[in-house]
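The values are calculated or read from the model by the stated rules, or taken from the named source; none is laboratory data. Just so you know, these numbers come straight off a predicted model, no measurement behind them. Because the Cβ atoms are built from the backbone with ideal geometry, glycine has one as well, and the counts that use them run over all protein chains shown. For accessibility, only protein heavy atoms count, side chains too; no ligands or nucleic acids. Shrake-Rupley method; radii C 1.70, N 1.55, O 1.52, S 1.80 Å.
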Amino acid sequence: YWGTRAGLEARLQHLFLSTYQLPDEEEEALVDEVVETVFAHYLDSKHLDILLDWTHVFTDDQEAAYFSRIREESPHAEVRAAAIFEPARLKSRLLSRGRIDGSINAKAEVEADWLLLIDEYGDIQKGGSTYGILADAHLNAHSREALEVGQPAPATAGVTVDGEEILLSQFKGKVTVFYFWGDW
């Protein structure tokens with residue numbers, strides 16, 4: 001089933017199972033070999049975004065190289081957007097936790113990716129949202145202080161399952177229950 005989404009998923013599952021108990025250097029070589037095969041058959045595929053979900057088997061250098069190649073060579077905006085979003089989300093999380101260099105350059109790189117997503121990929125669907133909305137939420141996140149217990153809830157807007165805008169302020173003075181979920 002080369003060329004299909006199922007074929008790519010099977011290839012990546014094989015990759016994960018093949019690398020499970022290998023020594024690190026053999027694992028890296030096998031990952032490179034499999035990803036090169038995937039690129040040979042799927043670089044022009046709209047399904048290549050599946051590869052971005054398998055970062056747990058990549059070294060940091062491999063991930064940077066693969067995502068960069070996808071950003072530069074994929075003809076599909078959806079795939080390029082995913083290749084920008086996933087590393088930006090990870091870097092943002094690591095920066096906020098002090099786990100990577102918090103230099104001005106590192107922050108500027110992440111901000112540039114969020115702005116790129118807003119400007120060039122803003123209308124592309126991601127889960128129940130768009131890359132533009134998600135990138136804006138990362139750029140304009142509420143401060144930790146504003147989200148502490150006992151603080152008034154920040155002004156929040158969303159969209160119902162029917163596509164209608166909903167504002168948190170509509171529920172002022174009413175008991176309101178939030179159910180948070182994600183597609184990660």
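General observations
- Check on G158, out of contact with any Ser or Thr (no Cβ under 9 Å at 6 or more places or on another chain), open to solvent by less than 70 Å² (accessible area, probe 1.4 Å), over 26 Å from A83 (Cα atoms) and not in a helix (DSSP H, G or I): no
- Identity of the residue in the range 136-147, assigned to a helix (DSSP H, G or I) and small (G, A, S), that ends up most open to solvent (accessible area, probe 1.4 Å): A137
- Taking each residue of the range 133-147 that is of a type outside the set (D, E, K, R) and looking for partners that are surrounded by fewer than 16 Cβ atoms within 10 Å (Cβ to Cβ) and modelled with pLDDT under 90 with beta-carbon atoms closer than 7 Å, six or more apart or interchain, yields H142/P154; A146/P154.
- Number of positions in the range 67-88 that are assigned to a helix (DSSP H, G or I) and open to solvent by less than 60 Å² (accessible area, probe 1.4 Å): 14
- Single residue of the range 110-128 satisfying the filter (of a type outside the set (A, V, I, L, M, F, W, C) and surrounded by 15 or more Cβ atoms within 10 Å (Cβ to Cβ)) that is nearest to I50 (Cα to Cα): K126
- Cβ separations smaller than 7 Å between residues 6+ apart or across chains give the following pairs from the range 22-49 residues that are more than 23 Å from F85 (Cβ to Cβ) to residues that are of a type in the set (F, W, Y): H41/W2.
- Any hit, the range 126-135, residues being among the charged types (D, E, K, R) and either part of a helix (DSSP H, G or I) or at pLDDT 95 or above (or both): no
- The range 1-18 residues that are more than 17 Å from T55 (Cβ to Cβ), paired with ones that are of a type in the set (G, A, S) and open to solvent by 50 Å² or more (accessible area, probe 1.4 Å) (beta carbon under 9 Å, 6 or more apart): Y1/A10
- Residue match in the range 27-47 (condition: at pLDDT 95 or above, open to solvent by 20 Å² or more (accessible area, probe 1.4 Å) and of a type in the set (A, V, I, L, M)): no
- Neighbours by Cβ (under 8 Å, 6+ apart or cross-chain): first from the range 108-131, at positive phi; second open to solvent by 50 Å² or more (accessible area, probe 1.4 Å): G127/D183
- Given (1) crowded, with 17+ Cβ neighbours inside 10 Å; (2) outside any helix (DSSP H, G or I), index of the condition L12 fails: (2)
- Qualifying residue in the range 53-66 (condition: closer than 20 Å to T4 by Cβ and surrounded by 14 or more Cβ atoms within 10 Å (Cβ to Cβ)): yes
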